[in-house]
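Trainee: My structure is below; once you've seen it, I'll send some questions.
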Amino acid sequence: MAALTDLTLAALKATLDKKEASAVEVTEAHLKKLDEHRALNAFITETPDRARDMAKASDARRAKGQAGLLEGVPLAIKDLFCTEGVQTTAGSHILEGFVPQYESTVTANLWNAGAVMVGKTNLDEFAMGSSNMTSHFGGVENPWKRKGDNRKLVPGGSSGGSAAAVAAYMVPGSTGTDTGGSIRQPASFCGIVGLKPTYGRCSRWGVVAFASSLDQPGPLTRTVEDSAFLLQGMAGHDPKDSTSAPLAVPDFAAAVRNPDIKGLKVGIPKEYRVDAVSAEIVALWDKGVEMMKAAGAVPVEVSLPHTKYALPAYYIVAPAECSSNLARYDGVRFGLRVPGKDLIEMYQNTRGAGFGKEVRRRIMIGTYVLSAGYYDAYYKKAQQIRALIARDFKQAFEKCDVLLTPTAPTAAFAAGEKMDDPVTMYLNDMFTIPASMAGLPGISVPAGVDKDGLPLGLQIIGRAFDEETMLRAAAALEKAAAFNLRPAGY
Amino acid sequence: MSLDKEAVARIARLARLKVPDEELAPLAVELSGILAWIEQLNEVDTRNVEPMSSVSNVTLPQREDKVTDGGIAEKILANAPGGAVYIEQTDKNAGGFFTVPKVVE
């Protein structure tokens with residue numbers, strides 16, 4: 001029998017259902033992996049005691065015949081989800097020691113489905129970053145390394161700890177959040193599956209806010225089927241989030257069970273073929289098109305003319321919303337307080353010491369673009385561009401059912417390789433941000449490796465609230481790509 | 001739009017962020033770089049385009065105007081950075097206060 005930690009989430013569910021292992025045994029096996037791979041710095045807070053208690057309770061529920069969808073499955077939670085009684089930092093010094101008195105809706109849904117929390121994963125500070133290097137608690141190491149090169153690589157970001165934990169077999173699944181690519185890009189860098197649902201599919205209540213019109217929780221797993229199960233456990237209408245969609249949650253796992261894509265129209269956006277993309281990524285993308293075609297799909301070239309403007313428009317909208325959302329960190333009601341000679345100086349000292357460099361940079365950009373006299377030129381303009389981006393997708397989806405694109409323009413890079421210029425770092429999200437701006441679901445599926453042996457992902461983008469078709473296409477791509485590598489030593 | 005040191009200091013003040021003097025000049029270069037990159041949006045004709053503030057095409061839901069929680073003062077004050085003061089020590093949920101530095105002389 002395979003080691004419990006090698007099993008996919010679906011296989012682990014089956015093992016638990018058949019009573020071949022208890023939740024306590026499953027949890028212990030995974031906690032041991034957390035011990036072994038602590039050097040990756042994937043977790044900010046490990047919660048072994050709580051995990052053992054939850055596993056015991058899970059076994060008791062199962063004995064009474066009350067097993068939920070994720071009964072006994074150990075999960076890691078991005079440290080952006082408020083967890084009652086467990087420190088929640090958002091990767092920031094300003095929230096160090098903050099212990100929420102309530103549980104986020106998404107994590108509450110997971111515990112109601114029987115899942116077990118093993119810890120809170122590391123992330124870029126306030127989810128702002130594509131490398132995990134902006135975390136106050138230190139960067140996360142990607143379990144993958146280039147062939148013949150021992151340099152540490154970044155796991156991507158911002159859900160880098162969640163991606164590394166899954167790639168290193170510490171957990172079968174984890175939660176992430178995606179504002180401009182923070183689930184999909186780290187999934188691509190770590191050779192796993194990352195799914196950003198349609199905006200409104202998962203509740204944002206209790207998730208530390210970055211950019212409220214874009215933020216969306218989603219799952220990171222090793223297979224497409226697992227992402228369907230985990231999304232099923234996370235999703236659902238929540239009256240406490242006014243943007244949560246009042247829709248029933250479909251049976252996502254059913255959509256991947258028989259990934260028949262005969263006749264499915266797969267759109268290939270021509271504007272994604274840009275110079276900044278490595279030849280290897282373009283080759284993999286072409287291969288992806290061939291694989292979909294071989295599986296019966298019909299590739300269709302489509303045009304998304306405003307693609308190149310999505311990134312700069314995002315870097316107005318996201319910082320503007322972040323500057324408003326992060327105004328709450330004032331040293332008065334919770335979080336860090338650094339004294340000053342008067343109230344204003346206390347605010348300034350607290351926020352100057354509590355926020356890291358990238359967060360300060362984005363707050364300042366946001367403050368500037370929203371300031372008197374500049375609002376129309378920047379924020380309103382960006383919202384108009386956003387409308388055009390959404391229209392592009394709407395028109396493309398008149399000709400196709402899903403879109404196939406690369407997930408990221410490169411494979412994982414080494415710590416420090418792209419840190420000198422913020423704009424270079426922002427380009428990491430060039431393929432993920434357009435769908436975010438339009439609120440559409442996207443999933444990254446590992447589809448190959450580069451010349452250094454590093455994993456590369458392809459992205460499938462679906463219509464709003466049509467995760468099922470997207471998952472079906474992703475399952476077909478996964479089957480054809482047959483990516484079965486794991487990082488050496490994990 | 002290029003920002004100078006003084007402009008950066010003004011934005012930092014608006015955002016209530018203490019930025020050390022020696023960081024102002026490098027920040028001016030970085031922020032100007034980001035803003036220059038954003039300028040490319042001016043290439044797009046957006047006349048008569050309705051700004052999009054939300055992707056969810058629904059009117060925001062309304063609920064009945066009634067109190068839905070309360071009596072949780074202890075939870076609300078649990079993370080108070082300056083410590084909390086409770087009206088009644090024996091019943092912390094009866095109410096309490098955040099403590100802040102003196103602001104009125």
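The values are calculated or read from the model by the stated rules, or taken from the named source; none is laboratory data. Computed from a predicted structure; not experimentally measured. Note that each Cβ is placed from the backbone with ideal geometry, even for glycine, and that neighbours are counted across all protein chains shown. Just the protein is used for accessible areas: all its heavy atoms, side chains included, with ligands, DNA and RNA removed. Shrake-Rupley method; radii C 1.70, N 1.55, O 1.52, S 1.80 Å.
Trainee: Inside the stretch B:28-52, can you point out the residues that are assigned to a helix (DSSP H, G or I), surrounded by 18 or more Cβ atoms within 10 Å (Cβ to Cβ) and either within 7 Å of another protein chain (Cβ to nearest Cβ) or at pLDDT below 95 (or both)?
Mentor: Those that are assigned to a helix (DSSP H, G or I), surrounded by 18 or more Cβ atoms within 10 Å (Cβ to Cβ) and either within 7 Å of another protein chain (Cβ to nearest Cβ) or at pLDDT below 95 (or both): B:Glu30, B:Leu31, B:Ile34, B:Leu35, B:Ile38, B:Leu41.
Trainee: Okay, moving on. Taking the stretch A:420-436, which residues are in a helix (DSSP H, G or I) and closer than 20 Å to A:Thr469 by Cα?
Mentor: Within the stretch A:420-436, the subset in a helix (DSSP H, G or I) is A:422-429, A:433-436.
Matches in the stretch A:420-436: A:Pro434, A:Ala435, A:Ser436.
Trainee: So which of A:Gly448, A:Gly453 is more than 14 Å from every other protein chain (Cβ to nearest Cβ), farther than 26 Å from A:Pro319 by Cα, part of a strand (DSSP E or B) and not charged (D, E, K, R)?
Mentor: Selected residue: A:Gly448, the only one of A:Gly448, A:Gly453 that is more than 14 Å from every other protein chain (Cβ to nearest Cβ), farther than 26 Å from A:Pro319 by Cα, part of a strand (DSSP E or B) and not charged (D, E, K, R).
Trainee: Then there is this: Out of all the residues in the stretch A:456-489, which are open to solvent by less than 60 Å² (accessible area, probe 1.4 Å) and assigned to a helix (DSSP H, G or I)?
Mentor: A:Glu467, A:Thr469, A:Met470, A:Leu471, A:Ala473, A:Ala474, A:Ala475, A:Ala476, A:Leu477, A:Glu478, A:Ala480, A:Ala481
Trainee: While we're on this one: Which pairs turn up if I take residues in the stretch A:452-479 that are over 16 Å from A:Ala228 (Cα atoms) and look for partners that are assigned to a helix (DSSP H, G or I) and among the hydroxyl-bearing types (Ser, Thr, Tyr) with beta carbon separation below 8 Å, at least 6 apart in sequence or on another chain?
Mentor: The qualifying pairs are A:Pro455/A:Ser188; A:Leu456/A:Ser188; A:Gly457/A:Ser188; A:Arg463/A:Thr469.
Trainee: Given the options A:Thr47, A:Thr89, A:Thr134, name the one that is closer than 19 Å to A:Met170 by Cα, out of contact with any Phe, Trp or Tyr (no Cβ under 6 Å at 6 or more places or on another chain) and of a type in the set (S, T, N, Q).
Mentor: A:Thr47
Yes or no, residue by residue, for (1) over 25 Å from A:Ile389 (Cβ atoms); (2) surrounded by 16 or more Cβ atoms within 10 Å (Cβ to Cβ); (3) of a type in the set (A, V, I, L, M, F, W, C); (4) touching a helix residue (DSSP H, G or I) at 6+ places or on another chain (Cβ under 7 Å):
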| residue | (1), (2), (3), (4) |
| --- | --- |
| A:Pro250 | yes, yes, no, yes |
| A:Ala253 | yes, yes, yes, yes |
| A:Pro259 | yes, yes, no, yes |
| A:Leu264 | no, yes, yes, yes |
| A:Ile268 | no, yes, yes, yes |
| A:Ala294 | yes, no, yes, yes |
| A:Glu301 | no, no, no, yes |
| A:Tyr309 | no, yes, no, yes |
| A:Tyr314 | no, yes, no, yes |
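Trainee: Do you know which of the residues in the stretch A:150-173 that are among the β-branched types (Val, Ile, Thr) and not in a helix (DSSP H, G or I) is farthest from A:Ala187 (Cα to Cα)?
Mentor: Among those that are among the β-branched types (Val, Ile, Thr) and not in a helix (DSSP H, G or I), it is A:Val171.
Trainee: Being in contact (Cβ under 8 Å) with a residue 12 or more places away in the chain and under 21 Å from A:Thr89 (Cα atoms) is the requirement here; does A:Ala42 meet it?
Mentor: Details: in contact (Cβ under 8 Å) with a residue 12 or more places away in the chain: yes; under 21 Å from A:Thr89 (Cα atoms): yes.
Criteria met by A:Ala42.
Trainee: Of all residues in the stretch A:321-344, which are open to solvent by 50 Å² or more (accessible area, probe 1.4 Å), charged (D, E, K, R) and within 8 Å of another protein chain (Cβ to nearest Cβ)?
Mentor: A:Arg333, A:Arg337, A:Asp342, listed by residue number.
Trainee: Considering only the stretch A:211-233, I want to know if a residue exists there that is surrounded by fewer than 20 Cβ atoms within 10 Å (Cβ to Cβ) and either touching a Pro at 6+ places or on another chain (Cβ under 7 Å) or away from chain B (no Cβ under 14 Å) (or both).
Mentor: There is no residue in the stretch A:211-233 that is surrounded by fewer than 20 Cβ atoms within 10 Å (Cβ to Cβ) and either touching a Pro at 6+ places or on another chain (Cβ under 7 Å) or away from chain B (no Cβ under 14 Å) (or both).
Trainee: Separate question: Could you please find all residues in the stretch A:348-384 being within 7 Å of chain B (Cβ to nearest Cβ) and of a type in the set (Lys, Arg)?
Mentor: Of everything in the stretch A:348-384, those that are within 7 Å of chain B (Cβ to nearest Cβ) and of a type in the set (Lys, Arg) turn out to be A:Arg351, A:Arg360, A:Arg361, A:Lys380, A:Lys381.
Trainee: Further question on the same structure: Please tell me if A:Cys202 is in contact with a helix residue (DSSP H, G or I) (Cβ under 7 Å, 6 or more places away or on another chain), open to solvent by less than 10 Å² (accessible area, probe 1.4 Å) and within 20 Å of A:Ala113 (Cα to Cα).
Mentor: yes
Trainee: Any chance you could count how many residues in the stretch B:61-105 are of a type outside the set (A, V, I, L, M, F, W, C), within 13 Å of another protein chain (Cβ to nearest Cβ) and part of a strand (DSSP E or B)?
Mentor: Qualifying residue count, the stretch B:61-105: 1.
Trainee: I'd like the full set of residues that are among the β-branched types (Val, Ile, Thr) and either touching a residue at least 60 places away in the same chain (Cβ under 8 Å) or part of a loop (DSSP other than H, G, I, E, B) (or both), limited to the stretch A:71-94.
Mentor: The answer is A:Val73, A:Ile77, A:Thr88, A:Thr89, A:Ile94.
Trainee: Restricting attention to the stretch A:395-428, report how many residues are touching a residue at least 40 places away in the same chain (Cβ under 8 Å), within 14 Å of chain B (Cβ to nearest Cβ) and in contact with a helix residue (DSSP H, G or I) (Cβ under 8 Å, 6 or more places away or on another chain).
Mentor: Summing the residues that are touching a residue at least 40 places away in the same chain (Cβ under 8 Å), within 14 Å of chain B (Cβ to nearest Cβ) and in contact with a helix residue (DSSP H, G or I) (Cβ under 8 Å, 6 or more places away or on another chain) in the stretch A:395-428 gives 4.
Trainee: A further question follows. Touching a strand residue (DSSP E or B) at 6+ places or on another chain (Cβ under 7 Å) and hydrophobic (A, V, I, L, M, F, W, C): is that true of A:Ala438 in this structure?
Mentor: Taking the combined requirement at face value, the residue does not satisfy it.
Trainee: For the stretch A:114-135, state whether one or more residues are open to solvent by 40 Å² or more (accessible area, probe 1.4 Å), more than 16 Å from A:Pro217 (Cα to Cα) and at pLDDT 95 or above. Break it down into steps so the answer makes sense when it comes.
Mentor: So in the stretch A:114-135, the residues open to solvent by 40 Å² or more (accessible area, probe 1.4 Å) come out as A:133.
Then drop every residue that is not more than 16 Å from A:Pro217 (Cα to Cα), which leaves A:133.
Remaining after also requiring at pLDDT 95 or above: none.
No: the stretch A:114-135 contains no residue that is open to solvent by 40 Å² or more (accessible area, probe 1.4 Å), more than 16 Å from A:Pro217 (Cα to Cα) and at pLDDT 95 or above.
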